[in-house]
Amino acid sequence: MGAILRVSPMRGPLVVSLILLSAFGGTSAAYAGEKEACLAASVEGQQSRAAGKLVEAKEKFLVCAREVCPPIVRQDCSTWNDEVAKVIPTVSIGVKDAQGHDLFDVRVSVDGRVVTEHLDGKSFPIDPGTHVVRADDGAHAPVEERILVKEGEKARPVNLKFAVPKPQGESKPGEPTPESPNADAAPGRSPLPFVVLGVGVAATAVGIGLHFKGKGDFPSNCDESTKVCSPGPGVDVAQTSDAAQSAVNLRNVGTALAVGGSAFIVGGLVWFFLDSPAPKKTARVLPGFGPGYAGLSFSSAF
(Lines give C-alpha, C1' and ligand atoms only; values in the text may rest on other atoms or scores of the structure.)
Protein backbone atom coordinates (compact mmCIF):
# COMPACT_ATOMS: atom_id res chain seq x y z
CA MET A 1 0.00 0.00 0.00
CA GLY A 2 1.51 3.31 -1.06
CA ALA A 3 2.06 6.15 1.36
CA ILE A 4 -0.20 9.18 1.08
CA LEU A 5 1.33 12.66 1.50
CA ARG A 6 -1.14 15.06 3.12
CA VAL A 7 -0.41 18.77 2.83
CA SER A 8 -2.47 21.47 4.58
CA PRO A 9 -3.95 24.15 2.28
CA MET A 10 -1.93 26.95 3.94
CA ARG A 11 1.39 25.07 3.74
CA GLY A 12 0.77 23.51 0.32
CA PRO A 13 2.38 26.14 -1.94
CA LEU A 14 5.36 26.47 0.37
CA VAL A 15 5.98 22.70 0.47
CA VAL A 16 5.61 22.42 -3.30
CA SER A 17 8.18 25.17 -3.80
CA LEU A 18 10.59 23.48 -1.42
CA ILE A 19 10.20 20.19 -3.27
CA LEU A 20 10.84 21.89 -6.61
CA LEU A 21 13.82 23.70 -5.16
CA SER A 22 15.27 20.39 -3.99
CA ALA A 23 14.59 18.81 -7.38
CA PHE A 24 16.39 21.56 -9.24
CA GLY A 25 19.31 21.26 -6.88
CA GLY A 26 20.44 18.17 -8.80
CA THR A 27 20.54 19.87 -12.20
CA SER A 28 23.49 21.61 -13.71
CA ALA A 29 24.62 24.95 -12.32
CA ALA A 30 24.05 26.68 -15.65
CA TYR A 31 20.40 25.59 -15.76
CA ALA A 32 19.73 26.20 -12.08
CA GLY A 33 20.95 29.83 -11.83
CA GLU A 34 17.76 31.78 -12.56
CA LYS A 35 15.56 28.86 -11.63
CA GLU A 36 16.86 28.72 -8.09
CA ALA A 37 16.38 32.48 -7.76
CA CYS A 38 12.77 32.02 -8.85
CA LEU A 39 12.13 29.22 -6.38
CA ALA A 40 13.84 31.14 -3.56
CA ALA A 41 11.72 34.22 -4.29
CA SER A 42 8.61 32.02 -4.28
CA VAL A 43 9.44 30.62 -0.85
CA GLU A 44 10.46 33.98 0.63
CA GLY A 45 7.36 35.67 -0.79
CA GLN A 46 5.07 33.16 0.92
CA GLN A 47 6.95 33.59 4.19
CA SER A 48 6.62 37.38 3.99
CA ARG A 49 2.92 37.11 3.18
CA ALA A 50 2.34 34.86 6.18
CA ALA A 51 4.16 37.40 8.38
CA GLY A 52 1.94 40.25 7.15
CA LYS A 53 4.74 41.89 5.16
CA LEU A 54 2.65 42.29 2.05
CA VAL A 55 4.86 44.91 0.36
CA GLU A 56 7.86 42.63 0.59
CA ALA A 57 5.80 39.60 -0.47
CA LYS A 58 4.63 41.42 -3.61
CA GLU A 59 8.21 42.25 -4.56
CA LYS A 60 9.19 38.58 -4.20
CA PHE A 61 6.21 37.35 -6.24
CA LEU A 62 7.14 39.71 -9.06
CA VAL A 63 10.57 38.09 -9.14
CA CYS A 64 9.26 34.53 -9.39
CA ALA A 65 6.56 35.51 -11.93
CA ARG A 66 9.11 36.34 -14.62
CA GLU A 67 9.28 34.48 -17.93
CA VAL A 68 12.59 32.86 -17.01
CA CYS A 69 11.00 31.02 -14.12
CA PRO A 70 9.56 27.49 -14.46
CA PRO A 71 5.94 27.56 -15.68
CA ILE A 72 4.46 26.05 -12.52
CA VAL A 73 6.35 28.54 -10.32
CA ARG A 74 5.54 31.45 -12.61
CA GLN A 75 1.85 30.60 -12.61
CA ASP A 76 1.65 30.29 -8.82
CA CYS A 77 3.59 33.51 -8.26
CA SER A 78 1.36 35.43 -10.67
CA THR A 79 -1.71 34.19 -8.79
CA TRP A 80 -0.25 35.08 -5.41
CA ASN A 81 0.83 38.50 -6.69
CA ASP A 82 -2.74 39.25 -7.80
CA GLU A 83 -4.11 38.12 -4.44
CA VAL A 84 -1.67 40.31 -2.50
CA ALA A 85 -2.30 43.30 -4.78
CA LYS A 86 -6.00 43.17 -3.89
CA VAL A 87 -5.48 43.33 -0.12
CA ILE A 88 -2.29 45.36 0.22
CA PRO A 89 -3.24 48.79 1.67
CA THR A 90 -2.13 52.12 0.25
CA VAL A 91 -1.96 55.54 1.90
CA SER A 92 -1.91 59.08 0.56
CA ILE A 93 -0.11 61.62 2.75
CA GLY A 94 -0.80 65.35 2.82
CA VAL A 95 0.84 68.05 4.95
CA LYS A 96 -0.46 71.57 5.67
CA ASP A 97 0.94 74.57 7.50
CA ALA A 98 -0.73 76.29 10.46
CA GLN A 99 -2.90 78.36 8.08
CA GLY A 100 -4.13 75.26 6.22
CA HIS A 101 -2.04 75.70 3.06
CA ASP A 102 -0.70 72.61 1.28
CA LEU A 103 3.04 72.00 1.57
CA PHE A 104 5.08 70.09 -0.99
CA ASP A 105 8.79 69.99 -0.11
CA VAL A 106 8.37 67.86 2.99
CA ARG A 107 10.39 64.86 4.08
CA VAL A 108 7.98 62.08 5.06
CA SER A 109 9.09 58.94 6.85
CA VAL A 110 7.15 55.88 7.95
CA ASP A 111 8.50 54.03 10.97
CA GLY A 112 11.80 55.88 10.56
CA ARG A 113 12.23 55.09 6.86
CA VAL A 114 12.05 58.03 4.44
CA VAL A 115 9.41 57.37 1.78
CA THR A 116 9.49 60.73 -0.02
CA GLU A 117 10.96 64.23 0.17
CA HIS A 118 8.41 65.82 -2.15
CA LEU A 119 4.66 65.33 -1.87
CA ASP A 120 2.84 64.79 -5.16
CA GLY A 121 -0.51 63.46 -3.95
CA LYS A 122 0.14 59.88 -5.04
CA SER A 123 -0.56 56.96 -2.75
CA PHE A 124 1.97 54.23 -1.98
CA PRO A 125 1.68 50.68 -0.62
CA ILE A 126 2.18 49.95 3.05
CA ASP A 127 1.90 46.86 5.23
CA PRO A 128 -1.24 46.49 7.37
CA GLY A 129 -0.80 47.33 11.05
CA THR A 130 0.28 50.29 13.15
CA HIS A 131 2.74 52.83 11.77
CA VAL A 132 4.23 56.18 12.80
CA VAL A 133 4.15 58.80 10.05
CA ARG A 134 6.53 61.75 10.51
CA ALA A 135 6.75 64.98 8.47
CA ASP A 136 9.57 67.53 8.59
CA ASP A 137 10.18 70.52 6.31
CA GLY A 138 12.90 72.26 8.33
CA ALA A 139 10.80 75.38 8.92
CA HIS A 140 8.40 73.88 11.47
CA ALA A 141 8.72 71.57 14.41
CA PRO A 142 8.36 67.99 13.04
CA VAL A 143 4.91 66.47 13.44
CA GLU A 144 4.05 62.80 13.90
CA GLU A 145 0.89 60.71 13.81
CA ARG A 146 0.35 57.07 14.73
CA ILE A 147 -2.05 55.31 12.38
CA LEU A 148 -3.62 51.86 12.07
CA VAL A 149 -3.83 50.64 8.47
CA LYS A 150 -6.20 47.82 7.65
CA GLU A 151 -5.87 45.15 5.00
CA GLY A 152 -7.61 46.16 1.78
CA GLU A 153 -7.66 49.93 2.49
CA LYS A 154 -6.87 51.88 -0.65
CA ALA A 155 -5.63 55.49 -0.87
CA ARG A 156 -6.21 56.01 2.85
CA PRO A 157 -5.74 59.77 3.45
CA VAL A 158 -3.27 60.72 6.19
CA ASN A 159 -3.27 64.47 6.80
CA LEU A 160 -0.65 66.12 9.01
CA LYS A 161 -0.60 69.75 10.08
CA PHE A 162 2.33 71.80 11.31
CA ALA A 163 2.05 74.19 14.22
CA VAL A 164 3.36 77.77 14.23
CA PRO A 165 6.81 78.06 12.58
CA LYS A 166 9.83 77.85 14.84
CA PRO A 167 11.07 81.34 15.86
CA GLN A 168 14.45 82.50 14.56
CA GLY A 169 17.29 81.36 16.79
CA GLU A 170 15.18 78.77 18.55
CA SER A 171 17.16 77.04 21.26
CA LYS A 172 18.11 73.42 20.91
CA PRO A 173 16.31 70.74 22.95
CA GLY A 174 17.44 70.88 26.56
CA GLU A 175 18.53 74.52 26.41
CA PRO A 176 16.52 77.16 28.28
CA THR A 177 14.41 79.32 26.03
CA PRO A 178 15.17 83.03 26.54
CA GLU A 179 12.12 84.99 27.48
CA SER A 180 11.37 88.19 25.64
CA PRO A 181 11.35 91.32 27.79
CA ASN A 182 7.89 92.17 29.01
CA ALA A 183 6.51 89.03 27.31
CA ASP A 184 3.27 87.95 28.94
CA ALA A 185 3.96 90.44 31.72
CA ALA A 186 1.07 91.00 34.03
CA PRO A 187 -0.36 94.50 33.66
CA GLY A 188 1.03 96.87 36.28
CA ARG A 189 -0.55 99.62 38.36
CA SER A 190 0.65 103.22 38.20
CA PRO A 191 2.97 104.15 41.10
CA LEU A 192 1.64 107.71 41.31
CA PRO A 193 -1.24 107.01 43.75
CA PHE A 194 1.28 105.54 46.21
CA VAL A 195 3.52 108.57 45.79
CA VAL A 196 0.65 110.98 46.46
CA LEU A 197 -0.43 108.89 49.43
CA GLY A 198 3.11 108.93 50.86
CA VAL A 199 3.45 112.69 50.42
CA GLY A 200 0.12 113.18 52.15
CA VAL A 201 1.11 111.06 55.14
CA ALA A 202 4.44 112.89 55.48
CA ALA A 203 2.88 116.32 55.17
CA THR A 204 0.20 115.47 57.70
CA ALA A 205 2.74 114.18 60.20
CA VAL A 206 4.96 117.29 59.81
CA GLY A 207 1.96 119.61 60.02
CA ILE A 208 0.70 118.04 63.23
CA GLY A 209 4.19 118.31 64.72
CA LEU A 210 4.50 121.99 63.78
CA HIS A 211 1.02 122.74 65.11
CA PHE A 212 1.75 121.34 68.54
CA LYS A 213 5.21 122.90 68.64
CA GLY A 214 3.73 126.31 67.91
CA LYS A 215 1.10 125.75 70.53
CA GLY A 216 3.75 124.74 73.05
CA ASP A 217 5.95 127.74 72.21
CA PHE A 218 3.14 130.27 72.82
CA PRO A 219 4.09 132.41 75.89
CA SER A 220 2.01 131.69 78.98
CA ASN A 221 1.61 135.38 79.82
CA CYS A 222 -0.08 136.10 76.51
CA ASP A 223 -3.73 135.68 75.62
CA GLU A 224 -4.23 133.31 72.67
CA SER A 225 -7.40 135.03 71.45
CA THR A 226 -6.19 138.64 71.67
CA LYS A 227 -2.46 137.87 71.48
CA VAL A 228 -1.91 140.57 74.11
CA CYS A 229 0.87 139.84 76.55
CA SER A 230 0.78 140.97 80.20
CA PRO A 231 3.77 142.85 81.56
CA GLY A 232 5.63 141.43 84.50
CA PRO A 233 8.91 141.57 86.35
CA GLY A 234 11.77 141.07 83.92
CA VAL A 235 9.42 140.56 80.99
CA ASP A 236 10.00 142.38 77.73
CA VAL A 237 6.48 142.85 76.40
CA ALA A 238 7.60 143.54 72.82
CA GLN A 239 9.84 140.49 72.70
CA THR A 240 7.15 138.34 74.25
CA SER A 241 4.62 139.59 71.71
CA ASP A 242 6.99 138.67 68.85
CA ALA A 243 7.44 135.18 70.33
CA ALA A 244 3.69 134.79 70.60
CA GLN A 245 3.21 135.83 66.97
CA SER A 246 5.92 133.37 65.79
CA ALA A 247 4.27 130.58 67.76
CA VAL A 248 0.91 131.41 66.18
CA ASN A 249 2.46 131.48 62.70
CA LEU A 250 4.16 128.12 63.30
CA ARG A 251 0.90 126.67 64.53
CA ASN A 252 -0.94 127.99 61.47
CA VAL A 253 1.68 126.53 59.10
CA GLY A 254 1.37 123.20 60.88
CA THR A 255 -2.39 123.28 60.59
CA ALA A 256 -2.19 124.10 56.87
CA LEU A 257 0.28 121.28 56.26
CA ALA A 258 -1.88 118.80 58.15
CA VAL A 259 -4.99 119.82 56.19
CA GLY A 260 -3.11 119.69 52.87
CA GLY A 261 -1.56 116.32 53.76
CA SER A 262 -4.97 114.94 54.61
CA ALA A 263 -6.22 116.08 51.20
CA PHE A 264 -3.28 114.27 49.56
CA ILE A 265 -4.10 111.10 51.50
CA VAL A 266 -7.72 111.19 50.37
CA GLY A 267 -6.71 111.94 46.78
CA GLY A 268 -4.15 109.12 46.76
CA LEU A 269 -6.68 106.61 48.05
CA VAL A 270 -9.29 107.67 45.50
CA TRP A 271 -6.73 107.52 42.70
CA PHE A 272 -5.59 104.05 43.80
CA PHE A 273 -9.08 102.56 43.76
CA LEU A 274 -10.13 104.23 40.51
CA ASP A 275 -6.93 103.52 38.63
CA SER A 276 -7.30 100.42 36.40
CA PRO A 277 -4.31 98.11 35.84
CA ALA A 278 -2.24 99.22 32.86
CA PRO A 279 0.92 97.99 31.17
CA LYS A 280 3.89 98.54 33.36
CA LYS A 281 5.73 101.85 32.87
CA THR A 282 9.02 103.11 34.15
CA ALA A 283 8.42 106.13 36.36
CA ARG A 284 10.55 108.21 38.67
CA VAL A 285 9.16 110.60 41.25
CA LEU A 286 11.67 112.82 43.05
CA PRO A 287 10.99 115.36 45.81
CA GLY A 288 12.09 118.89 45.14
CA PHE A 289 12.89 121.44 47.84
CA GLY A 290 14.24 124.92 47.73
CA PRO A 291 14.02 128.35 49.35
CA GLY A 292 10.35 129.18 49.59
CA TYR A 293 9.00 126.09 47.79
CA ALA A 294 8.53 122.35 48.06
CA GLY A 295 7.19 119.95 45.44
CA LEU A 296 7.67 116.83 43.35
CA SER A 297 9.32 116.22 39.98
CA PHE A 298 8.00 113.37 37.81
CA SER A 299 9.53 111.62 34.80
CA SER A 300 8.42 108.46 33.02
CA ALA A 301 9.31 106.25 30.05
CA PHE A 302 6.48 104.67 28.06
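The values are calculated or read from the model by the stated rules, or taken from the named source; none is laboratory data. Keep in mind that this is a model prediction, so the values were computed, not measured. Virtual Cβ from ideal backbone geometry, glycine too; neighbours counted across all protein chains shown. Calculation scope for accessible area: heavy atoms of the full protein, side chains included, ligands and nucleic acids excluded. Shrake-Rupley method; radii C 1.70, N 1.55, O 1.52, S 1.80 Å.
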Looking only at strands (runs of 3 or more DSSP E) that lie completely in the range 64-169, which have at least 1 residues being more than 26 Å from the chain's Cα centre (by Cα)?
90-96, 113-116, 129-136, 143-149, 156-161
For the subset of the range 139-180 comprising residues that are modelled with pLDDT under 90 and open to solvent by less than 60 Å² (accessible area, probe 1.4 Å), which member is nearest to GLN99 (Cα to Cα)?
ALA139
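Can you tell me which residue in the range 89-109 is nearest to GLU153 (Cα to Cα), limited to those that are surrounded by fewer than 20 Cβ atoms within 10 Å (Cβ to Cβ) and free of Cβ contacts under 8 Å to residues at least 40 places away in the same chain?
SER109
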Give the residues of the range 234-279 that are at pLDDT below 75, open to solvent by less than 60 Å² (accessible area, probe 1.4 Å) and of a type in the set (D, E, K, R), sorted by residue number.
ASP275
